[in-house]
Structure formats: structure tokens, C-alpha cells
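Written below as C-alpha cells is the structure these notes are about.
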Amino acid sequence: MENSTPHPTQKIYYVGAVASLITLIFLCILWEMWLAPLRPNGSWMVLKVIPLLVPLRGVIKRDVYTLQWSSMLILLYFTEGIVRGFSDKNVFSAALGWIEVGLVIIYFLCSILYLRPFKKIAKQLAQQAIHKASK
């Protein structure tokens, strides 16, 4: 897969994953510092951005392993967005929760769809190795 040029949809999935992750990072910072923090003048909840920063470099570098585990990590932010979307008394904060959910869905789908060809190749290689070993 590395030697061939990526399919145009692969590029779209990659750009979608990177853009949604970066946008989610900025959303979380703005949300907890200025837009609708839990406490006036900012909140320690801004630290929730740190786990999103960990996979950023690997996602930008198209690291398959990082995209795999970060697609599971991102589901924590899906949960937070759902909870805050339904439970925040501040309507603006609840709307930010739903925006977070949307960004997470975009990231999750883009990363999974980007990884699909790599998973197919890995499965084929595993089947070939099993077939070769059984001879």
C-alpha cells in the first residue's frame, strides 16, 4: 500500500480525520476557557484536551496504529458530548456538546474508513502466512 498512490477517497478520509481532530482540540479549549466554561474565567476541564494531543502527531503522520487506538479513545469524547448535550443547563454549552458529538463521529468514521484498506491487506497477509505454514 505504501508504494501505490492512495485512492482519492483515502485522502478525503485522512484530511477529515486530521481536520476533525484539530477542530475538536480547539473546540474543547475554547469551550472550557471562554465560550461556556463550567466555572467563570475558565475551568480545569480544559485539561481534557491533553489525551487528544497525544495521538495528534501520529494521526498527522498517517500512523496506522495511532489511528486504530485513537478511534477508540475518541469515543470518550462522544460520551461526554452526549452527556453534556442532554444535561447542561446552559443552552450554548449543550449545543457545544452536540458539536463535539458531530466532530467525534466525523473523526471516527474517517479514521475507520481510512484504515479499511490496511486491514484488508493485513488480513490477506495473515491468510497467506497461515496457508504457507500449513503446507
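Side notes on the structure shown:
- Where F26 falls short, out of the listed (1) crowded, with 16+ Cβ neighbours inside 10 Å; (2) closer than 19 Å to I99 by Cα; (3) not aliphatic (A, V, I, L, M): (1)
- The set of residues from segment 87-135 being of a type in the set (S, T, N, Q), touching a residue at least 24 places away in the same chain (Cβ under 8 Å), closer than 26 Å to P40 by Cα and in a helix (DSSP H, G or I) comprises just one member, S93.
- Summed over segment 88-125, residues that are of a type in the set (S, T, Y) and more than 20 Å from K48 (Cα to Cα) total 2.
- Test result for L56, of a type outside the set (D, E), in contact (Cβ under 8 Å) with a residue 12 or more places away in the chain and either out of contact with any Gly (no Cβ under 6 Å at 6 or more places or on another chain) or surrounded by 15 or more Cβ atoms within 10 Å (Cβ to Cβ) (or both): yes
- So E80, is it under 16 Å from A19 (Cα atoms), charged (D, E, K, R) and buried (at least 16 other Cβ atoms within 10 Å of the Cβ): no
- Each residue in segment 60-72 was checked for being hydrophobic (A, V, I, L, M, F, W, C) and more than 14 Å from L113 (Cβ to Cβ), and 3 of them qualify.
- Test: residue in segment 97-108 that is at pLDDT 95 or above and more than 14 Å from L27 (Cβ to Cβ): yes
- Of the residues screened, S111 is one that is in contact with a Leu (Cβ under 6 Å, 6 or more places away or on another chain), among the small types (G, A, S), crowded, with 16+ Cβ neighbours inside 10 Å and under 23 Å from V15 (Cβ atoms).
- Cross-chain or 6+ apart pairs with Cβ under 9 Å, segment 19-48 first and at positive phi, then part of a helix (DSSP H, G or I) and surrounded by fewer than 16 Cβ atoms within 10 Å (Cβ to Cβ): N41/M33; G42/M33; G42/W34
The values are calculated or read from the model by the stated rules, or taken from the named source; none is laboratory data. All of these numbers come straight from a predicted model, not from anything done at the bench. With ideal geometry, Cβ positions are generated from the backbone for all residues, glycine too; neighbour counts draw on all protein chains shown.
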